[in-house]
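In what follows, a structure is listed as structure tokens, so that the remarks can point back to it.
The values are calculated or read from the model by the stated rules, or taken from the named source; none is laboratory data. A quick note: this is a predicted structure, and the numbers were derived from the prediction, not measured. Note: ideal-geometry Cβ built from the backbone for every residue, glycine included; neighbour counts use all protein chains shown.
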Amino acid sequence: MIPAAQRTSTVEHATVEIRRAILDGRMAPGTAASIAVLSEQLGMSAIPIREALRALAAQGLIVLRPNRRAVVAPISLRELEDIFRARELYEVELAVLSATRYSAETLRRLEDLADAVASETVWDARVELHSEFHELLVTPAASDFDWRLLRIIWRASDRYTRFNLHSLLDLRAAHLPLLEAARAQNAVGMRKALKRHLDEGREVLGRALTEAAAGR
């Protein structure tokens, strides 16, 4: 039998690799997620691949259909609206509560991340930096329960983010109002800045999805 720790490590590796392929577009929305093909590509048995697909289904990235092949979850403007509505309802409120609690170290890290997101050219690294920036905005107020909910929302939005980060030309400018509100410990300013930031992201992303659907 395979030791439990080794089996878990294999499943985690498969989950990370398949997730990366979905997020960078190599596994396009709506395409089959064949266990046989993925097993061959990743050099592992079907068992960890199957468990990885279940984990990704829980994240909203894979759709498991009874007696049929799993597929990469489709993307849609309707889901995009739902995701951003959830982010506005939850993420904004936590950022507002956090705004007066930022430490000097957190503020410096936010500055560094805003610069890094704008200058990073490797897509995977840019997405990770962008995620860390948004995580830090809510960290002072977020409880363990909050994090569980936020992870679900953010994971659902991850595959849409790639359109957003490719479409926004000046990411430093996009994050500047958030930095200014954080520096000023301004809860009202943070609410306005983050709502505006999410609205702009949704609009840019909606246009990118529409253009992609039209083949432009």
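Okay, here's what the table says:
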read-out: Filter pass, Val204 being part of a helix (DSSP H, G or I), in the same structural domain as Ala116 (by TED's automatic domain parsing) and at pLDDT 95 or above; value: no
read-out: Residue list for segment 91-100, restricted to those being in contact (Cβ under 8 Å) with a residue 60 or more places away in the chain and either surrounded by fewer than 17 Cβ atoms within 10 Å (Cβ to Cβ) or not in a helix (DSSP H, G or I) (or both); value: Leu97, Ala99, Thr100
read-out: Search result, residues across segment 110-163 that are in a helix (DSSP H, G or I), among the hydroxyl-bearing types (Ser, Thr, Tyr) and more than 19 Å from Leu179 (Cβ to Cβ); value: Ser157, Tyr160, Thr161
read-out: Unique match (being touching an Asp or Glu at 6+ places or on another chain (Cβ under 9 Å) and within 21 Å of Leu150 (Cβ to Cβ)) among Ala99, Ala55; value: Ala55
read-out: One residue from Ala52, Ala28 being modelled with pLDDT under 90 and either touching a Gly at 6+ places or on another chain (Cβ under 7 Å) or outside the structural domain of Arg202 (by TED's automatic domain parsing) (or both); value: Ala28
read-out: Total residues in segment 21-67, condition acidic (Asp, Glu) and in contact with a helix residue (DSSP H, G or I) (Cβ under 7 Å, 6 or more places away or on another chain); value: 2
read-out: Some residue of segment 67-77 being part of a loop (DSSP other than H, G, I, E, B), charged (D, E, K, R) and over 12 Å from Pro140 (Cα atoms); value: yes
read-out: Check on Gln59, free of Cβ contacts under 8 Å to residues at least 24 places away in the same chain and of a type outside the set (Phe, Trp, Tyr); value: no
read-out: Residues (without any contact (Cβ under 8 Å) to a residue 60 or more places away in the chain and closer than 18 Å to Arg155 by Cβ) located in segment 27-56; value: Met27, Ala33, Glu51, Ala52, Leu53, Arg54, Ala55, Leu56
read-out: Condition broken by Ile153, with the remaining ones in (1) more than 16 Å from the chain's Cα centre (by Cα); (2) within 30 Å of Ala28 (Cβ to Cβ); (3) among the hydrophobic types (A, V, I, L, M, F, W, C) satisfied; value: (1)
